[in-house]
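The values are calculated or read from the model by the stated rules, or taken from the named source; none is laboratory data. Note that this is a predicted model, so its numbers are computed, not measured. Here the Cβ positions follow ideal geometry from the backbone for every residue, glycine too, while neighbour counts run over all protein chains shown. Keep in mind that these areas ignore ligands, DNA and RNA; they rest on the heavy atoms of the full protein, side chains included. Shrake-Rupley method; radii C 1.70, N 1.55, O 1.52, S 1.80 Å.
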Amino acid sequence: MMSAAAAQASVIGANDRIRVGIIGPGGRGRYLMGEFKEFGADLAAVCDVYTANLEAGLKIASPSAERYKDYRKLLDNKSIDAVIVSTPDHWHAKMVIDAVNAGKDVYVEKPLAHKIDEGFAVIEAVRKTKRVVQVGMQRRSAELFLQGKSIMDSGQLGEVHLVTSQWLNHTANLRKSELQGELDWNMWQGSAPKHELDPQRYFNWYYYYDYSGGLIVGQAAHILDCIQWYMNSNGPLTVTCSGLKPDLPGVDITNTVTILVEFPENYQATFSLGYKAMQYSSTNDQLQQFHGTKARFDVGRESYTLWPQSTAVDMKPGVNRREPGSFSRAAPAHVRNFLECIRSRKDPNAPVEAGQATNIVLCMAMQSLREGRRLKWNAAARKVEA
């Protein structure tokens, strides 16, 4: 019996396969390769500046896949229809812009960019070239979250002026690995400030502001995107972020922060990241609560519950769904949506504008945390103000 993903491959067409290249086949990249392959894509090219990742990616790719160390040469390959960009964050914008200008459609992991101005440059390039670009915010393709969006849009909550959210779990240590093979360190650093080769910095790039924003970006990207999606927002009014000192040795970024965002739609949202809490199952480690005047809507990774207005001690849910394991279908659905949009030329579920709305909040949160102050967003001028 074929898997659900394999069955969907017939939509693409066995004799007209989409040829895909990947830039950055690290852990997440190789996972995405597997999903693209399952849906019938021809993984025809693999690019990485680190030999170990390159070889690992080639093991998943099509047997005749071409290898590259310079992504620009991959983009020169006219036979490639689309690329996956799953590199460190500081490369996302440039690679997406270069890819669409080379005539490729793109699946880019979140966040869309590492800086606010980069995100606007991506939007301009994507709309000018009319390419399909999906940002890896997979909740927008997940059945449970789509159902949740319908509940939000139904009016059952009344007015919502407060959204609270959290993601709690535990990170005990940095990744401790030794380089296995050649790494083009200068190419990997790209536009980031230059440092001497440091395996800890390479393997734990997530925790350095030069390349990312730690779990402030990694987890908040998903939650804040979902909040803006559900609340029909396109960016903030103000952002304030407060956090503790970094809790892992030698890194820039803490695992314990709270972000407060005020929105022009007359609501505010909080997101608390606590990755020095106890260990949770992924089913239970996150929660968003939309506090309406008529009901409260709780949304987890694999559950949602609508609590109608009640003064009873024992409140009864109006709607309740809990399906552990269901989130495993989110990324495959997101990949499928991207491949379908390559065919139809329609906008995907997570277009670049949605990616930039979240990117603005994330970049402002990082700046607020580092500067210790509340920041205002001037949407008309496209700039941050004190």
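Nearest 10 degrees, 0 to 90: what angle lies between the long axis of helix 51-60 and the longest principal axis of the chain (Cα atoms)? Approximately 80 degrees, to the nearest ten. Summarising the amide proton neighbourhood of V83: residues at separation of 5 or more, or on other chains, whose placed amide H is nearer than 5 Å comprise G21, D105, V106, Y107.
Tell me whether the stretch 123-232 comes out rounded, prolate or oblate; compute the Cα gyration tensor, take square roots of the eigenvalues as a ≥ b ≥ c, and use a/c under 1.5 as the rounded threshold. It comes out prolate by the Cα gyration axes.
In the chain, a dipole from Cβ-located charges (positive for Lys and Arg, negative for Asp and Glu) runs towards its positive end, and of G40, H170, I216 it is G40 whose Cα lies farthest in that direction.
Between L244, L362, F338, whose Cα lies farthest towards the positive end of the dipole of the chain when Lys and Arg beta carbons carry +1 and Asp and Glu beta carbons carry -1, centred on the Cα centre? Positive-most Cα among the choices belongs to F338. With θ taken as phi - 60° and the Karplus curve 6.51 cos²θ - 1.76 cosθ + 1.60 applied, the whole-hertz 3J(HN,Hα) list for the stretch 107-115 is 10, 10, 5, 6, x, 4, 8, 9, 9 Hz, x standing for glycine and proline. Remark on G292: its backbone amide H falls under 5 Å from those of F297, a criterion applied only to residues 5 or more positions apart or on other chains, H modelled at 1.01 Å from N. The residues of the chain expose, per residue, 44 Å² of accessible area to a 1.4 Å probe.
I'd like the trypsin sites (Lys or Arg not before Pro) in the stretch 313-386 restricted to DSSP loop residues with at most 10 other Cβ atoms within 10 Å, sorted by number. Please report the intermediate quantities before stating the final value.
On the way: sites: R321, R322, R329, R336, R343, R345, K346, R370, R373, R374, K376, R382, K383; in loops: R345, K346, R373, R374, R382.
Here the sparse-neighbourhood loop sites are R345.
Determine the sum of side-chain charges near V251: Lys and Arg each +1, Asp and Glu each -1, restricted to other residues whose C-beta is under 12 angstrom from that of V251.
-1
Shape of the stretch 242-386 from the C-alpha gyration tensor: rounded (a/c under 1.5, with a ≥ b ≥ c the square roots of its eigenvalues). Short-range pairs are left out: with C-alpha atoms under 8 Å and at least six residues apart, the relative contact order of the stretch 234-371 is 21 percent. Using the Karplus relation 6.51 cos²θ - 1.76 cosθ + 1.60 with θ = phi - 60°, the per-residue 3J(HN,Hα) values for the stretch 120-125 come to 5, 5, 5, 4, 4, 5 Hz, with x marking Gly and Pro.
For the stretch 136-206, trypsin sites (Lys or Arg not before Pro) are listed when DSSP marks them as loop and at most 15 other Cβ atoms sit within 10 Å of their Cβ; the list is R175, K176, K194.
If you compute semi-axes √(5λ) of the Cα gyration tensor in Å for the structure shown, which of [x] 36, 22, 20; [y] 33, 26, 20; [z] 44, 25, 20 do you land on? Looking at semi-axes √(5λ) of the Cα gyration tensor in Å for this model, the match is [y]. If I compute solvent accessible area with a 1.4 Å probe over the protein chains, what percent of it on the chain is carbon and sulfur? On the chain, the fraction of accessible area on carbon and sulfur atoms equals 50 percent. Across the chain, the relative contact order, built from alpha-carbon pairs under 8 Å that are at least six residues apart, equals 19 percent. With K and R counted +1 and D and E -1, the other residues having a Cβ less than 12 Å from that of S233 yield a net charge of -4. Could you work out which residue, out of D314, D210, D98, moves most in a Gaussian network model of the chain, that is, has the largest mean-square fluctuation with Cα springs under 10 Å? With Cα springs under 10 Å in the chain, the top fluctuation among D314, D210, D98 is at D314. Among the trypsin sites (Lys or Arg not before Pro) in the stretch 32-128, those located in a DSSP loop and surrounded by at most 11 other Cβ atoms within 10 Å of their own Cβ are K78.
With the helix formula -39500 (n - 2.57) applied to DSSP H stretches of n ≥ 4, the chain reaches a computed 222 nm mean residue ellipticity of -10000 deg cm²/dmol.
Look at the alpha carbon pairs under 8 Å that are at least 6 residues apart: their mean separation over the length of the stretch 33-177 gives a relative contact order of 14 percent.
Seen through its C-alpha gyration tensor, with square-root eigenvalues sorted a ≥ b ≥ c, the stretch 22-100 comes out rounded because a/c lies under 1.5.
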